[in-house]
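The next block holds one structure in the form of structure tokens; read it before the comments.
The values are calculated or read from the model by the stated rules, or taken from the named source; none is laboratory data. Keep in mind the model is a prediction, meaning the values are calculated, not measured. Cβ coordinates were reconstructed from backbone atoms using ideal geometry, including for glycine residues, and neighbour counts include every protein chain displayed.
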């Protein structure tokens, strides 16, 4: 049996397990163990524990629960509400300004939480009722939040980028820098479409008559600026060589907890322990996926499946941009069914050698991959953000949320095209701050 045929059987078995609702970590682990038993016999089980633990024995992984704790602290407080109100006061004079406020709040909250579902839930709980109350259609109200929430996996500090860096042994600090300008670019594309769509439909123009004094606008900032200062501080210590990502994440989490406790008077032990409980649940889930994916990668490699796939793709006699188009289609398809962390852990080690051989920058590719994963978050059948929005706004149907999200999917496609035409959007800032990658 050829390695490629064996790989197809493993893939079908994995998809079957995922299709019946098996948790990703258990599906990966079961398929890996079953394949090793069938091919190598019971003797192969002796390396399972070592391989699983080896996937978790990286100091860089410490930053993941710290960034999750930082996001959990912010998400459990009224910080999102204050951020939303502050932006609404500054953007109300722009057509569709309320939608722009939501997208802007999503981009900033995404940087604080690093989580797309958390961003959707925190901003959507306030933004969607307010938009529908002011006459915005359900499609625009829900679609803009679903799309804005996807920015959480691109704008640094991003958990997805940390996972990519660990999976491919690339610099996490450089990855954060690579995602910064593309994150702003996507935010600008989302806002540009929103202004055009609202002006075309004549939506949200009544808000232009509402005026806020400069005193009212500045009064909304004191509760928001400390959290923005944390983001700036984390980026500074990372790129200034002051601290590692794990150290920066730990300090950022500590300051976020202190701020939400002091600013919002969250002295209750129940609320504080709730932050740690949510952090523990999400961190364990991600760590289980990482450990199981390491076992899965070992299985593919030991059966020469990974090497055969790489050789088959490399042997394709096509232009490198055609190759990149094929890879993009593959990533889009994978993102339709699997969450970003799982896709990155399973595909990045296989695709990276091919990308390098074709002459593409690995940090640029990380951004392209992440935007593909963003599209998967707002497209069925999985479309995690769609279900999050439906959960917090059950009066809006999934069909309406999807219709509102489609224009933003096209904005992301435009973003990928722009990155292909101008790779410097992703590579310029890392090279400016940290020099050329070796």
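Which residues, taken from the stretch 372-400, are part of a helix (DSSP H, G or I), in contact (Cβ under 8 Å) with a residue 60 or more places away in the chain and more than 23 Å from residue 18 (Cβ to Cβ)?
If the condition is that a residue be part of a helix (DSSP H, G or I), in contact (Cβ under 8 Å) with a residue 60 or more places away in the chain and more than 23 Å from residue 18 (Cβ to Cβ), then 392, 400 are the ones that fit.
Can we say residue 335 is surrounded by fewer than 23 Cβ atoms within 10 Å (Cβ to Cβ) and in a helix (DSSP H, G or I)?
Numbers: surrounded by fewer than 23 Cβ atoms within 10 Å (Cβ to Cβ): no; in a helix (DSSP H, G or I): yes.
For residue 335, the condition - surrounded by fewer than 23 Cβ atoms within 10 Å (Cβ to Cβ) and in a helix (DSSP H, G or I) - is not met.
Yes or no, residue by residue, for (1) out of contact with any strand residue (DSSP E or B) (no Cβ under 7 Å at 6 or more places or on another chain); (2) modelled with pLDDT under 75; (3) surrounded by fewer than 17 Cβ atoms within 10 Å (Cβ to Cβ); (4) at negative phi:
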site: 2; (1), (2), (3), (4): yes, no, yes, yes
site: 12; (1), (2), (3), (4): yes, no, yes, yes
site: 23; (1), (2), (3), (4): yes, no, yes, yes
site: 50; (1), (2), (3), (4): yes, no, yes, yes
site: 53; (1), (2), (3), (4): yes, no, yes, yes
site: 70; (1), (2), (3), (4): yes, no, no, yes
site: 98; (1), (2), (3), (4): yes, yes, no, yes
site: 102; (1), (2), (3), (4): yes, no, no, yes
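Where residues in the stretch 397-421 are surrounded by fewer than 20 Cβ atoms within 10 Å (Cβ to Cβ) and over 22 Å from the mean Cα position of the chain (by Cα), which of them is farthest from residue 132 (Cα to Cα)?
421
Condition first: at pLDDT 90 or above, more than 19 Å from the chain's Cα centre (by Cα), under 23 Å from residue 163 (Cβ atoms) and surrounded by fewer than 23 Cβ atoms within 10 Å (Cβ to Cβ). Can you find one or more residues in the stretch 362-374 that meet it?
No - not one qualifying residue is present in the stretch 362-374.
Got a sec? Which helices (runs of 4 or more DSSP H) wholly within the stretch 215-309 have at least 2 residues that are closer than 28 Å to residue 25 by Cβ and without any contact (Cβ under 8 Å) to a residue 12 or more places away in the chain?
On the way: elements: 225-239, 245-263, 269-302.
Where helices (runs of 4 or more DSSP H) fall fully within the stretch 215-309 and carry at least 2 residues being closer than 28 Å to residue 25 by Cβ and without any contact (Cβ under 8 Å) to a residue 12 or more places away in the chain, they are 269-302.
Restricting the search to the stretch 25-36, which residues are in contact (Cβ under 8 Å) with a residue 60 or more places away in the chain and loosely packed, with under 15 Cβ neighbours inside 10 Å?
Of everything in the stretch 25-36, just one residue is in contact (Cβ under 8 Å) with a residue 60 or more places away in the chain and loosely packed, with under 15 Cβ neighbours inside 10 Å, namely 26.
Yes or no: residue 347 in contact (Cβ under 8 Å) with a residue 12 or more places away in the chain and under 30 Å from residue 5 (Cβ atoms)?
Numbers: in contact (Cβ under 8 Å) with a residue 12 or more places away in the chain: yes; under 30 Å from residue 5 (Cβ atoms): yes.
For residue 347, the condition - in contact (Cβ under 8 Å) with a residue 12 or more places away in the chain and under 30 Å from residue 5 (Cβ atoms) - is met.
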